[in-house]
1. Please tell me if Pro168 is under 24 Å from the mean Cα position of the chain (by Cα) and at pLDDT below 85.
2. Restricting attention to segment 397-443, which residues are open to solvent by 60 Å² or more (accessible area, probe 1.4 Å) and among the polar types (S, T, N, Q)?
3. So Gln192 passes all but one of these: (1) surrounded by 21 or more Cβ atoms within 10 Å (Cβ to Cβ); (2) of a type in the set (S, T, N, Q); (3) free of Cβ contacts under 8 Å to residues at least 12 places away in the same chain. Which condition number does it fail?
4. Taking Ala99 as the residue in question, decide whether it is more than 20 Å from the chain's Cα centre (by Cα), at pLDDT below 90 and open to solvent by 50 Å² or more (accessible area, probe 1.4 Å).
5. Regarding segment 248-257, can at least one residue be identified that is within 28 Å of Met479 (Cα to Cα), acidic (Asp, Glu) and out of contact with any strand residue (DSSP E or B) (no Cβ under 8 Å at 6 or more places or on another chain)?
6. Looking at Lys148, Lys179 in this structure, which one is without any contact (Cβ under 8 Å) to a residue 60 or more places away in the chain, open to solvent by 50 Å² or more (accessible area, probe 1.4 Å) and under 22 Å from Ala343 (Cβ atoms)?
7. Which of the residues belonging to segment 482-528 are farther than 24 Å from Ala412 by Cα, hydroxyl-bearing (Ser, Thr, Tyr) and open to solvent by 10 Å² or more (accessible area, probe 1.4 Å)?
8. Assuming Tyr282 fulfils every condition listed in (1) in contact with a strand residue (DSSP E or B) (Cβ under 6 Å, 6 or more places away or on another chain); (2) outside any loop (DSSP other than H, G, I, E, B); (3) of a type outside the set (Val, Ile, Thr) apart from one, which condition is it?
Amino acid sequence: MAVRVTKPQSRSLSSPKISARAQRLVRSPVQRRPAAAKAARTVTADRYEVASPQVAQRAQALTATGASAPAIDLQQGMSGPEVLALQEALVSLGYMTEAQVQTGPGIFGPRTFAAVQAFQADWGVPATGYYGPLTREALTKALAGQPKPKPSPGTWDGTTPAPGTTNPQGWVPTSPPVKGDPAHRSAALYDQVINQFAVGVNPRYAPRNGNTYCNIFVWDVTRAMGAEIPHWVGANGQPVGVGEGVELDANATNVWLHQHGAEYGWRQVSAAEAQALANQGYPTVASWRNPGGIGHVGIVRPGSDNGHGPALAQAGAQNFNYGHVYDVFPLNGTEFWVNDAGAVSPQPAPQPPPPAPPPAPPVSAGAPEIDLARGATGPEVEALQRALVKLGFMTLAEMDTGPGIFGPRTEAALKKFQAAHGVPDTGYYGPLSRAALKAALAGGSPAPSFQVPEVDLEYGATGPQVEQLQRTLVHLGFMTQAEMDTGPGIFGPRTQAAVKAFQAAWGVPTTGYFGPLTREAMAKALAGV
């Protein structure tokens, strides 16, 4: 979540500082340049030189009228006078400081992006960081002195947490504004209950101190739906108040569902039933009991199965509001539970859908021909993401958090690809990464994360074969990506514990040694035998 900059003392929109900068723009040293250079624009860290009549006109407008809402759409990576106008508006409203603008005047970088997000969150606009029509309208109102809108329950889109949902003390229940009614279930209301928690950006669920909070998110959503899967339980499995019983982790939650779920309206269903019932508004969860760890649990939400399982919202090592079950849960051992004791509200008669616009041509996986770095956007970035998904270095859920946006997940996936293919793991996509990506895609080999090493491995071993083993254990659910990231390619205590957990689950002696018996069992696990 973007951090709101402390609002300065109120000042006129046409403040001396803004006017002074605008005057500097007009008096840019462009006039002293040769005529052939006047069409160029130069941006540095401490100055913004104007070299076109359009920019000079914009600077004159800033001097005359002060801050205003730019009339065009803007996004991270762009630069020019309209970006400067946006920055000036954000300064006048207290979302940026003069010093922050000076680090990149006219450049839509991370500071401007964060300030836009903070403004959007305050004004009830989806906090995407993109400056478009909704943000323009809100900014115009803010500059005119109109009050901020009051948040209204029932209009949450998953980008901003609702009031009462952000307490970082996970053992304490939340007070969300939107609540379900067992007597009147609907997909729209279930969607809003989930979205109000904005699990992808809510600090309540952010991994910290080695802990993740999948069970807390499920507790919060089911409690808000009136079908609580408790976090605190008494001796007989009944929900109790904070500190009055024991806390359930994900494995214990699975046990509770088996032993006590039926008493509280929960029953086990298939994956297909889970999606169908979630689409009717019934609270539904995916649950996996990990014999070698703490397990995992997530919310099945209204949506569709794209081949990677039912639609999913989850907290955990990865937090996202919309993904799919088998992007993160193992194929074997995942259970689905639903509480369908309530009644579905009657739906209005369906209206004929409006004519669909012609579909945009799909972006295929490939090796982009241009260099790319964090902050880049567009179809070339999406092609890179799809290639990384195809090769197993990124999941669809990770890509779906920002398709076509080169953010931290794309950078992390690219670094893993580079490390696995002998390219310096800089996170920058250039000639070396392009050549390696083309070779990997041309080879048509299965994703490296799903392969079984052909050599024996034991505690202390290092190298690509160990990383291959770790990726396979992550895919099968016996290791988390966070655990692997503490030592990729190093057979340490976490890898040994994951191997032992796999061996125990597949009837292999739990030695922690990866040899012929474990290799055979792992091949069967990947084949779904």
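1. No, not satisfied.
2. Those that are open to solvent by 60 Å² or more (accessible area, probe 1.4 Å) and among the polar types (S, T, N, Q): Thr401, Thr426.
3. (3)
4. Working: more than 20 Å from the chain's Cα centre (by Cα): yes; at pLDDT below 90: yes; open to solvent by 50 Å² or more (accessible area, probe 1.4 Å): yes.
The answer is yes for Ala99.
5. Looking only at segment 248-257, we keep the residues that are within 28 Å of Met479 (Cα to Cα), and these are 248-257.
Adding the requirement that they be acidic (Asp, Glu) leaves 249.
Okay, now just the ones that are also out of contact with any strand residue (DSSP E or B) (no Cβ under 8 Å at 6 or more places or on another chain), so 249.
Within segment 248-257, one or more residues are within 28 Å of Met479 (Cα to Cα), acidic (Asp, Glu) and out of contact with any strand residue (DSSP E or B) (no Cβ under 8 Å at 6 or more places or on another chain).
6. Numbers: Lys148 fails: under 22 Å from Ala343 (Cβ atoms).
Answer to the check: Lys179.
7. Of everything in segment 482-528, those that are farther than 24 Å from Ala412 by Cα, hydroxyl-bearing (Ser, Thr, Tyr) and open to solvent by 10 Å² or more (accessible area, probe 1.4 Å) turn out to be Thr510, Thr511, Tyr513.
8. (2)
The values are calculated or read from the model by the stated rules, or taken from the named source; none is laboratory data. As the structure is a computational prediction, the values presented were derived from the model and not from experiment. With ideal geometry, Cβ positions are generated from the backbone for all residues, glycine too; neighbour counts draw on all protein chains shown. Just the protein is used for accessible areas: all its heavy atoms, side chains included, with ligands, DNA and RNA removed. Shrake-Rupley method; radii C 1.70, N 1.55, O 1.52, S 1.80 Å.
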